[in-house]
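Shown next, in C-alpha cells, is the structure this report addresses.
The values are calculated or read from the model by the stated rules, or taken from the named source; none is laboratory data. The shown structure was predicted, so the numbers you read here are calculated from the model rather than taken from an experiment. Neighbour counts are summed over all protein chains in view; Cβ atoms, including those assigned to glycine, are modelled from backbone coordinates with ideal geometry. The protein model used for the area step is the full one, side chains on, heavy atoms only, and it has no ligands, DNA or RNA in it. Shrake-Rupley method; radii C 1.70, N 1.55, O 1.52, S 1.80 Å.
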Amino acid sequence: MASNRSESLVKLAERLRLYNPISTQSSKIQEFVPKNQELGADPIPNNTNSNRAAVLVCLFEDPQGHLRVILTKRASTLSSHSGEVALPGGKVEEGDADDIETALREAEEEIRLDRSLVDVVTVLGSFTNKKGITVIPVVGILWDRNTFNPLINTAEVAALFDAPLEMFLKDENRREQEREYMGDEYVLHFFDHETENEKYIIWAITAGILIKAASIVYQRPPDFQERTPRFWSRNRQ
C-alpha cells in the first residue's frame, strides 16, 4: 500500500508530523518545531465537552498531484450554521478520548469517511467563535481518494465536495468584509468555489482554518492581509 503513495504526499506528511503550533497574533507562518513525543491530542476534560469541537482537515492529491480538501455543506434543517460550508466535524461527545477521536468520529457519522483511511499527521492551534465554542483543527491525509466511498448523512449534510487547498492563499475568487466586535475591527474572508453542480461560499472560521492550514502546508503567507478576529485566539491551545 505504501508503494502507491506519492513521494510528495509522503514528504508532506513527514513534515507535518513535526509541526507544533506556536501561538501568535501575527499572520506569520508558524514555525516547525520537532515534537518530543508521538502525535497525540490532549485528553478532553469532562467539564469542557459542551463548548469544545473538532474538525477534520482531510487532504488528498488529485490526479494532477494538486492538494485538495474535503468540505461539506451543512443541512438546511440544522439549528446552527444551517446551509453553510464546513469541514467535517462537530462537538465533543461523552466517550471521546481526545480531539482526534472527535474529528474522526464526526467525519464517519457525517460522510462515512472510515477513520482507518485517514492518517492523522498534526493538530493545529484552536479557533474560538463568538459563542465561546473552541474548535480544534485536526489535519489528516487520505492517501487514496478512490478508497473513500462517501455516504452523506442527510440529517446533517446537504452536499459533499472538495476544493484546492492552495486557493485559500490566493487573492482570486475572494471577497472580504470589515467587521467589528467589542471594539475589535477585523476582516472576514469569503472564497467562491464552483463545482459542476453548485456554487459554494467558504467563509468565517472554516475559511480561517483553511488559510492557516494552507499557509503551513505551502510554507508561505496568503497573498492578502488576514486581520483575524481577536476572539478566534482567545482560548488558543
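A few points about this structure:
- Only a single item in (1) crowded, with 21+ Cβ neighbours inside 10 Å; (2) touching a residue at least 60 places away in the same chain (Cβ under 8 Å); (3) under 23 Å from Phe231 (Cβ atoms); (4) among the polar types (S, T, N, Q) is not met by Thr122, and it is number (3).
- Scanning the stretch 106-147 for residues that are within 23 Å of Leu188 (Cα to Cα), of a type outside the set (Val, Ile, Thr), in a loop (DSSP other than H, G, I, E, B) and in contact with a strand residue (DSSP E or B) (Cβ under 9 Å, 6 or more places away or on another chain) turns up Leu124, Gly125, Ser126, Asn129, Lys130.
- Strands (runs of 3 or more DSSP E) (entirely within the stretch 148-237) containing at least 2 residues that are among the basic types (Lys, Arg) and surrounded by fewer than 16 Cβ atoms within 10 Å (Cβ to Cβ): 174-181
- Taking every residue in the stretch 144-163 that is without any contact (Cβ under 8 Å) to a residue 40 or more places away in the chain and pairing it with any residue that is open to solvent by 60 Å² or more (accessible area, probe 1.4 Å), at least 6 positions away or on another chain, the pairs with Cβ-Cβ distances below 6 Å are Pro150/Arg112.
- Within the stretch 79-96, considering residues that are at pLDDT 90 or above and assigned to a loop (DSSP other than H, G, I, E, B), the one most open to solvent (accessible area, probe 1.4 Å): Glu94
- Among the candidates Gln30, Gln37, Gln64, Gln25, residue that is part of a loop (DSSP other than H, G, I, E, B) and modelled with pLDDT of 95 or more: Gln64
- Against the test of being free of Cβ contacts under 8 Å to residues at least 40 places away in the same chain and under 30 Å from Arg15 (Cα atoms), the options Phe168, Phe191 yield a single qualifying residue, Phe191.
- Against the conditions (1) open to solvent by 20 Å² or more (accessible area, probe 1.4 Å); (2) assigned to a helix (DSSP H, G or I), Ala103 satisfies every one except (1).
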